[in-house]
Amino acid sequence: MGCAPSIHISDSRVVYHSSKESDESPHQTNTLSQQHNHSVPPGLFIKSSHTSTYKAAVTEVQFGPMRLHQDQLQVLLVFAKEDSQSNGFCCACEKAGFKSNIAKTPESALESFLDKHHEIIIIDHRQTRSFDAEALCRSIRATKPSENAVIIAVVRRQSDRDETSIMPLISAGFTRRYVENSNVMACYNELIQLEYGEVRAQFKLRACNSLFTTLEKSQEAIEITNEDHKIQYVNPAFETTMGYQKEELYGKELIEVPNNEKKSDFIDNINSCIKSGKEWEGVYYAKNKNGDNIQQNVKIIPVFGHRGKIRHYVSISRPCNDNNKVEKQCERVQAESQTDIQSCRHKDRRKGSLDVRSTTSRGSDGSSQRRHSSMARIHSMTIEAPITKVINIINSAQENSPMPVAEALDRVLEILRTTELYSPQLGTKDEDPHTNDLVGGLMTDGLRRLSGNEYIFSSKHVHPSSGHPISSLSLSDIPPRIAQAMENEEDWEFDIFELEAATHKRPLVYLGLKMFARFGVCSFLNCSEATLRSWLHIIESNYHSSNAYHNSTHSADVLHATAYFLCKERVKQSLEPIDEVAALIAATVHDVDHPGRTNSFLCNAGSELAILYNDTAVLESHHAALAFQLTTRDDKCNIFKNMERNEYRTLRQAIIDMVLATEMTKHFEHVNKFVNSINKPLTAVEENEGTGDDDAVKTVLTSPENRILIKRMLIKCADISNPCRALEQCIEWAGRISEEYFAQTDEEKRQGLPVVMPVFDRNTCSIPKSQISFVDYFISDMFDAWDAFADLPNLMQHLDNNFKYWKSLDERQLKTLRPPPE
């Protein structure tokens, strides 16, 4: 079973440590906090040293396997008036090396005791007119610290005829009585008898509480029986392993519990061993309450008591782990296929799973406990991922779980070992083909279902050089029609399609100039308006106007939504100027050079971009990389050229992170992290503090990790905010994205590629159904979370209206964007 590691326990009076610990190191103690229901006085702390000017005040007590270092005892003397008896006890305390306090009233006595937690309290019971000694004793006994206190009543000397019963004192809570005798030596002897009698017994009881706390927390199943084999104690680990509640076991003989199918084969050997005072250790199958057999390593230890007789038996057991078998199987599977490593799981993990703790934490158990498999070494690494810790905890819980729980945890582990932890699993395509196709197309980086031939999709676009003629534009000379189209650009109802028409499909340059000026981007970047104008022009030139949806109008729309969100109060509280600039730039470039096809299409077609980026976040990686290539290759459009190096790297990192966040494969991960790291903590703060504690709110909003999550959520919501726009804009965007998906499906069929989204066939597709699926699956939860954070009632109203519009069309079995004319 192995020796448990040394356990160090301390409180403000006594320090305990394992008997195997060196006598020279009593200071290596840890705080034992009050996390249990046993009687341990409050105010526990680490005691680093034990020194006293009185030699007699520091003693060492041996208690079984534990050594107790007893610090200076404290005595509380409660005497209404100073007399020879109180003086006698004061002198006796000084002689014994005890620290004494004197109280003259019940109130001051109770206050002093609650402050000092004296080991000995001596109350004058002679002066009944001064205060009620028995009432005071009851008051003290009503407090938690008094459980370990010894309370003495000083009574008058009486004749044999007047001797009264001690029961009233016992009932009041006194430990014993002291017949008045002011002789210092008599008082001293009384104190010494108390120290070596009742006080030391209380120290031992305190130690028992600590030991039982250790047993309660032990992961090994522990059972204690008396010499007649009647069960006296079982710990929670035993209850979990065997399925019994302790109330079902206490007082029963061991033979009444069906704990071994082959008991007759073992009982004689076990008894002959333990009755001779020796430990027995072995393996047997025990039956739990459900009748399941559990193979266990068991150690039974006899405990000797009064007169050297065996008074108790301690049984320590742990379910067996077939480590050799697991190790060999894991190594074989790893050699054959890294992807099939899950086959290393056993059907019943209580018998076969690898218990990492047993191979890593018991160094004193010899070489037999040091057979680390490769899996064990991985799990015992200092640098450990949170998901690995979670899996280890579940594996540990499985060891002692009933079969239904173990099987359920098996399914949990199967889910945790996948990489898509935040992506809901879809049903069959027959259930909702629109949702399945839409989600499948947006949330996969490509399904390489090609056989034989490889198809190449390569779009060769010539990027305009820096020498390309650029219109001399500035905020001061924007044509009136364009200026009029941008008048309400700060409003959510801003019509991007009106600006698109006014600028002849070049809205990004004009809207960008106005937006960037409003947020002081040129000032922050230390660049001229001419440089910004050149940059906006070259970025817009690299959007494909031939795309129905992913063109510069979409980029301008996302830029507008980003700027709108940046002005919301909660967002402004969270982000710094560099975050705002990063968000505006990321929105501008987030789809630059988009080919009008999804990542899945590019991967299936074996495109140059898919090969370049290893089929992973292909388009998003390309947008971010190309944006910096276009920006930095010519000083005329390099808006970053005057930035300090470290600030530029910070800004660049933020832009890249936001652009990559628009990839839909991690949609649910970003939303869940935002909700759990920001929304829930903010809600908790506001509920606990009423209106919310400003410092606590600020901590949640401005931590570096949370600022990243907020920026990701912001650009994600801006990128797919179409369903939250006014109805006419929503309908227009729905038509455009549908047309782009129709064109992709047409090309997939034409080239013989896998059709990623079969429902987007222009001859059969229901646009209302596709919009309903998109809102249900992606939009609702995300904007609920974003609205809870940023307060966006107008957007949520549009979303509700638009959803009702699509539902009404679908209920009429219409597949078009609009109902037919009346």
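The values are calculated or read from the model by the stated rules, or taken from the named source; none is laboratory data. The shown structure was predicted, so the numbers you read here are calculated from the model rather than taken from an experiment. Methodologically, a virtual Cβ is constructed for each residue, glycine included, from the backbone with ideal geometry; neighbour enumeration extends over all protein chains shown. The protein model used for the area step is the full one, side chains on, heavy atoms only, and it has no ligands, DNA or RNA in it. Shrake-Rupley method; radii C 1.70, N 1.55, O 1.52, S 1.80 Å.
Once the Cβ-Cβ distance between Q484 and L727 is put in as r, and R0 is 30 Å, what FRET efficiency do you end up with, to the nearest 0.05?
Efficiency at R0 = 30 Å is approximately 0.85.
Net charge around R506, counting only other residues with Cβ within less than 11 Å of its Cβ (Lys, Arg = +1; Asp, Glu = -1)?
Value of the local net charge: -1.
Efficiency by 1/(1 + (r/R0)^6): what FRET value for I611 and V390, r their Cβ-Cβ distance, R0 = 25 Å, to the nearest 0.05?
With R0 = 25 Å, the Cβ-Cβ based efficiency is 0.10.
Using the basic label-point model (7 angstrom from Cα toward the beta carbon), what is the A135 to K246 distance in nanometres?
3.9
Simple spin-label model, 7 Å along Cα-to-Cβ: R157 to D477 in nm?
12.0
Using r as the Cβ-Cβ distance of R633 and S523, and R0 as 25 Å, what FRET efficiency do you calculate, to the nearest 0.05?
Efficiency, rounded to the nearest 0.05: 0.55.
Using the heavy atoms of the protein chains alone and a 1.4 angstrom probe, what is the accessible area of segment 671-799 per residue in square angstrom?
39
Output the Cα-based Rg and Dmax of segment 492-533 in Å, rounding Rg to one decimal and Dmax to a whole number.
Gyration radius and largest Cα-Cα distance of segment 492-533: 11.8, 32 Å.
For segment 769-783, take each phi angle, set θ = phi - 60°, evaluate the Karplus expression 6.51 cos²θ - 1.76 cosθ + 1.60, and give the result in whole Hz per residue in order, putting x for glycine and proline.
These are the phi-based 3J(HN,Hα) values: 4, 5, 5, 4, 4, 4, 5, 4, 8, 10, 7, 4, 5, 5, 6 Hz.
Sort segment 585-742 into rounded, prolate or oblate with this rule: let a ≥ b ≥ c be the square roots of the eigenvalues of the Cα gyration tensor; rounded if a/c is under 1.5, and if a/c is not under 1.5, prolate when a/b is larger than b/c, oblate otherwise.
Cα axes put segment 585-742 in the oblate bin.
Which log10 I(q)/I(0) values does segment 482-570 give at q = 0.12 Å⁻¹ under the Debye formula, counting every alpha carbon as one identical point scatterer?
Taking Cα atoms of segment 482-570 as identical point scatterers yields -0.35.
Once a ≥ b ≥ c are taken as the square roots of the eigenvalues of the Cα gyration tensor of segment 643-703, is the result rounded (a/c under 1.5), prolate (a/b larger than b/c) or oblate (a/b not larger than b/c)?
Cα axes put segment 643-703 in the oblate bin.
Give me the net charge for the shell around I779: Cβ to Cβ below 12 angstrom, other residues only, Lys and Arg +1, Asp and Glu -1.
Value of the local net charge: -4.
Hey, which of these cross-link pairs are over 32 Å Cα-Cα: K505/K680; K217/K287; K505/K815; K252/K299?
Pairs exceeding the cut-off: K505/K680.
Ignoring solvent entirely, what values of log10 I(q)/I(0) come out of the Debye formula for segment 106-225 at 0.14 Å⁻¹ when each Cα is a single scatterer?
Evaluating at q = 0.14 Å⁻¹ gives log10 I(q)/I(0) of -0.70.
Which entries of K99/K204; K641/K673; K95/K116; K230/K289; K666/K804 have Cα-Cα distances beyond 23 Å here?
K641/K673; K666/K804
Could you check the spin-label model distance between R176 and E147? Points 7 Å from the Cα along Cα→Cβ, value in nm.
About 2.3 nm, to one decimal.
On the protein heavy atoms, probe 1.4 angstrom, tell me the percent of accessible surface of segment 107-250 carried by carbon and sulfur.
49
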